[in-house]
Amino acid sequence: KYVARNGQSQTILDSLQAATDWLVTKIEQSPWKLLEYKRINPNGLLNQVWKDSGTAYLHVDGTIANGDGGIAAVELQGYAYDALLAAAHLLNNRASQATHFLALARNVQQATLVQLWMPEFQFFAQGLDRDKNGATRQIQTLTSNGALLLQIQLLKNLPDDTKSAYC
């Protein structure tokens, strides 16, 4: 046990539960059913992922992706998928939660394949954003972001006949 900032005694399991609850809430609130980030502070970083420069997420026409409207970066989906699998494993004594986390992980996996795969390029879009009217757009600029999925369970856990279409 440790003492949190609020002075309450907590365990690592409590922290895992809180982090997983945050992740689940963010995914379930997204209309894409993916993990997305959004700049809340207008003076904050536009892109709140590993490529955090203001021009890291560009559409092929050079338009900057709409970080104020929310971006679902492809690599975040892989990280969310892995985190949900880990939480299900570590919280397996809470069977109903573990089952929910596994189902949500499968949903993230499927949403990633359906919404972020670009068959014409045989590659994943860098992410999704919304135009000024709120319509979903793929960020189709070819970057290394999609390749990050090769080190994550999201693609490794696909059936072999499906995996060959994405790897």
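The values are calculated or read from the model by the stated rules, or taken from the named source; none is laboratory data. Being a predicted model, the structure only gives us computed values, none of them experimental. Glycine also receives a Cβ, built like all others from the backbone with ideal geometry; neighbour counts cover every protein chain displayed. Please note that ligands, DNA and RNA were not included when accessible areas were found on the heavy atoms of the full protein model with its side chains. Shrake-Rupley method; radii C 1.70, N 1.55, O 1.52, S 1.80 Å.
In segment 87-115, the qualifying residues are those that are among the aliphatic types (A, V, I, L, M), under 27 Å from ALA147 (Cβ atoms) and touching a residue at least 60 places away in the same chain (Cβ under 8 Å), and the one that is surrounded by the most Cβ atoms within 10 Å (Cβ to Cβ) is VAL108. For segment 54-74, filtered to residues that are in contact with a Gly (Cβ under 8 Å, 6 or more places away or on another chain) and either crowded, with 20+ Cβ neighbours inside 10 Å or part of a loop (DSSP other than H, G, I, E, B) (or both), the residue that is modelled with the lowest pLDDT is GLY69. Among the residues of segment 90-113, how many are modelled with pLDDT of 90 or more and not in a helix (DSSP H, G or I)? So the answer is 0. In the list ARG5, ARG39, which residue meets the criterion of being touching a Leu at 6+ places or on another chain (Cβ under 9 Å) and among the basic types (Lys, Arg)? The unique qualifying residue is ARG39.
Note on segment 130-158: residues that are open to solvent by less than 50 Å² (accessible area, probe 1.4 Å), assigned to a loop (DSSP other than H, G, I, E, B) and under 17 Å from ILE71 (Cα atoms) amount to 5. Among the residues that make up segment 25-48, is at least one of them buried (at least 19 other Cβ atoms within 10 Å of the Cβ), of a type in the set (Ser, Thr, Tyr) and either within 22 Å of THR136 (Cα to Cα) or modelled with pLDDT of 95 or more (or both)? Scanning segment 25-48, I find no residue that is buried (at least 19 other Cβ atoms within 10 Å of the Cβ), of a type in the set (Ser, Thr, Tyr) and either within 22 Å of THR136 (Cα to Cα) or modelled with pLDDT of 95 or more (or both), so the answer is no. Would you check which residues across segment 118-129 are surrounded by 12 or more Cβ atoms within 10 Å (Cβ to Cβ) and either under 13 Å from ALA72 (Cβ atoms) or of a type in the set (D, E, K, R) (or both) and list them? The answer is PHE124, ALA125, GLN126, GLY127, LEU128, ASP129. Report yes if LYS1 is at pLDDT below 90, open to solvent by 50 Å² or more (accessible area, probe 1.4 Å) and over 18 Å from GLN138 (Cα atoms), otherwise no. Here the answer is yes, as LYS1 does meet what is asked.
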